[in-house]
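Worksheet: the structure to be examined is printed underneath.
The values are calculated or read from the model by the stated rules, or taken from the named source; none is laboratory data. Because the structure is predicted, anything quoted here is derived from the model rather than measured. The area values use the complete protein model at the heavy-atom level, side chains included, leaving out ligands, DNA and RNA. Shrake-Rupley method; radii C 1.70, N 1.55, O 1.52, S 1.80 Å.
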Amino acid sequence: MKRSKQWLKIPAFLLAVFSLRKLPFAYIGPGIGLSAIGAIIAVIAGVAGTIFGLLWYPIKRLFGKNRQSQEPEPEPDDEE
């Protein structure tokens with residue numbers, strides 16, 4: 001029976017540790033805050049652009065090969 005109650009000790013220990021820690025009171029100024037937000041947005045846009053480039057253009061090329069060209073075929077000259 002003692003073995004079945006051992007798993008209760010771990011959550012109790014974690015609860016005690018997390019309830020005793022102090023919260024850090026830090027100030028992030030508007031300059032560094034806006035810079036951090038801009039960097040995060042730039043990383044997300046870069047990843048999205050990379051995925052778009054890797055997926056969209058090969059698919060576009062694949063479907064483009066199936067279409068016939070809109071340009072008329074050149075006719076041979078009949079000059080002799």
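Residues I28, I44, I51, I32: which one is aliphatic (A, V, I, L, M), modelled with pLDDT of 70 or more and in a loop (DSSP other than H, G, I, E, B)?
Numbers: I44 fails: in a loop (DSSP other than H, G, I, E, B); I51 fails: in a loop (DSSP other than H, G, I, E, B); I32 fails: in a loop (DSSP other than H, G, I, E, B).
I28 is the lone residue from the list that is aliphatic (A, V, I, L, M), modelled with pLDDT of 70 or more and in a loop (DSSP other than H, G, I, E, B).
If I ask for residues that are open to solvent by 70 Å² or more (accessible area, probe 1.4 Å) and not hydrophobic (A, V, I, L, M, F, W, C), which ones from the stretch 45-57 would you list? Outline the logic, then answer.
Step one: of the stretch 45-57, the residues open to solvent by 70 Å² or more (accessible area, probe 1.4 Å) are 47, 50-52, 54-57.
Hits for the stretch 45-57 are T50, Y57.
Evaluate the following for G38: is it modelled with pLDDT of 85 or more, within 22 Å of the chain's Cα centre (by Cα) and open to solvent by less than 80 Å² (accessible area, probe 1.4 Å)? So G38 passes the test.
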